[in-house]
Structure formats: structure tokens, C-alpha cells
1. Hey, can you tell me all the residues within region 62-75 that are over 18 Å from Val106 (Cβ atoms) and surrounded by fewer than 20 Cβ atoms within 10 Å (Cβ to Cβ)?
2. Could you check region 39-53 and list, in sequence order, the residues that are within 20 Å of Gly242 (Cβ to Cβ) and open to solvent by 40 Å² or more (accessible area, probe 1.4 Å)?
3. For residues that are open to solvent by 10 Å² or more (accessible area, probe 1.4 Å), of a type in the set (A, V, I, L, M, F, W, C) and assigned to a loop (DSSP other than H, G, I, E, B), tally how many sit in region 105-140.
4. Within region 242-254, is even one residue more than 30 Å from Tyr57 (Cβ to Cβ), buried (at least 16 other Cβ atoms within 10 Å of the Cβ) and in contact with a strand residue (DSSP E or B) (Cβ under 7 Å, 6 or more places away or on another chain)?
5. Which of (1) farther than 30 Å from Lys118 by Cα; (2) open to solvent by 20 Å² or more (accessible area, probe 1.4 Å); (3) not hydrophobic (A, V, I, L, M, F, W, C) does Asn194 not meet, given it meets every other one?
6. Does Lys143 qualify as being of a type outside the set (A, V, I, L, M) and surrounded by 13 or more Cβ atoms within 10 Å (Cβ to Cβ)?
7. Out of all the residues in region 164-174, which are over 18 Å from the mean Cα position of the chain (by Cα) and either surrounded by 17 or more Cβ atoms within 10 Å (Cβ to Cβ) or at pLDDT 95 or above (or both)?
8. Filter region 6-33 for residues that are outside any helix (DSSP H, G or I), crowded, with 16+ Cβ neighbours inside 10 Å and at pLDDT 50 or above and give the result.
Amino acid sequence: MKKILVTFCLAAVMTGLSSCGSSKYVTASVADIDGEWNIIEINGTAVVPAPGQAYPYIGFDQATGRVHGNAGCNRLMGTFDVLAEPGHIDLSQLGTTRMMCPDMTVEQNVLNALAQVKRYVKLDDENIALCGKSARRPILVLKKKAPDMTVADLNGKWKIVEAMGVAVPNSLENQPFVELNVAEKKLHAQAGCNLLNGGYQTDESNPASISFPQLISTMMACPDMETEDRVKQALNTTCTFGRLQEGRVGFYDADNTLVMVLAAD
């Protein structure tokens, strides 16, 4: 499937997009790049992630001006000017996390390419091209990214294995978990000492959105409330979710920072 996809996109570039300034294509607006995109080509070469590494992608949020994604090993984050002239964008100031992976080749290629981007054009409904100052051949070709998972995939009980960057001990008397009832849009959770109950909200424009406003907690006091405080903080700041390796799920805050890790219970 990947080979067919890349061939199609390369064909589009070669037949009509030898230049990002081609008169055949109307300059795109910021609305056209809104959402998440897989990075499928860099400087005319198809992207092939190293074994076990994530496929690189980049996301643009028109409402907030935020950029997020994954370069192949590390997460991307930053901002872009939503009021810039249509078709113009500067991605030279994006930041990343600092993990090391066995093969950093794809990531380095992605970061080097993004640092050169100054404009963009729409290829079709599923593909866009990011270009440099020269407006010659695209530096990167992006394809609309299908959601890794939907809210329906969250249905059921999940063990909380990490909250606010800290691993949850397995020795707790009340092991923290979250349980979502998607049919009723409800959440039931154990924070470590107290039980939490409430609903959740999603945004139709973003399939990966989820938040937990107005959770209600029981009021017991326990000797150690640190884990519970982190669990509550993570749930209160959650805005989106996504699939992680080994079947795990991550909850992210508004800055796309991982605040909670869940494992199937």
C-alpha cells in the first residue's frame, strides 16, 4: 500500500509540480494545511522509516498557530504565523524532544528539510508540498494523515502506567486506571486513593481530541497523594490522544506534551 501511495505522489510532482510556483496550481491558504500530514518524500526521495521507528508526520493547527508532529524519533513542536501571506510559512524555528534512537537518519533528513521551508502549495485534496525560497522543486511532499486511532478505540479499562512524566508504582494498594464508556461518553477512574467520575468531550474537527471537564472525586485522604495529584493533573490538562508503541495510548496537553501513558488492562 505504501509503495502505491508514494508512486502516485511522485507522479503528481513530476507531471505538474516541477516548481512550487507552477502556474497550474493556485497558492494554498492556511486552511489547506490545517491538520496532520505524513511526510512521504524529502527532496525527491521517498521516506522509509527505520525498523521500529515512527513514520514522520507534521501537524498544523490553524486555530492556535501551533505545529506538532514526529520527526521519526523525537516529537516536533513550535508555532507558525497564521496571518502570513497565503502560501508562505517559516518552519526554521521548530523544536524537538531529545531522545536517541538506533537510527537517526530519517529524523535528521526531516529536520534539515523543515529548516529550509518558506512556502507551501496544495497538490490535491490529499497532498501538499513544502518548498524553499527558490520555489523550485518541493523540499517535502506531505499526505493527509489518517487518525492513528479514534475515541472508539479508547473504550474499556486502561491501566495508568505514567502520569506527568513519572512512572506509576505497581505497589499501590489502589492501582490507578481509567475506564471509558464510549457509548455513554463517561469516564470512571481510580486516581490512586480516590475514585473519579464524569464525562468527556471531543471536537468533531479533530478526531484525536478528548478532554475531561468537571470530573468529580471522592474525598478520602491517603498517606501518599503524590501519584493521585499527578493523575488528576494529567486528566485535567488532556486535550488529545494518540497511539504509542507496544499497544499503549498517550494523552497529551495543549502543548502536545505527553501527560499520561495508558496500557490495556
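The values are calculated or read from the model by the stated rules, or taken from the named source; none is laboratory data. Everything quoted here is computed from the prediction, not taken from an experiment. Using ideal geometry, Cβ is built from the backbone for each residue, glycine included, and neighbour counts are taken over all protein chains shown. Surface areas here come from the heavy atoms of the whole protein model, side chains and all, with no ligands, DNA or RNA. Shrake-Rupley method; radii C 1.70, N 1.55, O 1.52, S 1.80 Å.
1. The answer is Gln62, Ala63, Thr64, Gly65, Arg66.
2. Within region 39-53, Gly52 is the sole residue that qualifies.
3. The number of residues fulfilling the criteria is 4.
4. Initially, region 242-254 is screened for residues more than 30 Å from Tyr57 (Cβ to Cβ), giving none.
The answer is no; no qualifying residue exists.
5. Status for Asn194: all satisfied but (2).
6. Values: of a type outside the set (A, V, I, L, M): yes; surrounded by 13 or more Cβ atoms within 10 Å (Cβ to Cβ): yes.
Against the criterion (of a type outside the set (A, V, I, L, M) and surrounded by 13 or more Cβ atoms within 10 Å (Cβ to Cβ)), Lys143 qualifies.
7. Here is the first cut: in region 164-174, the ones over 18 Å from the mean Cα position of the chain (by Cα) are 166-174.
Hits for region 164-174 are Val166, Ala167, Val168.
8. Ser19, Cys20, Tyr25, Ala28 - these are the residues of region 6-33 that are outside any helix (DSSP H, G or I), crowded, with 16+ Cβ neighbours inside 10 Å and at pLDDT 50 or above.
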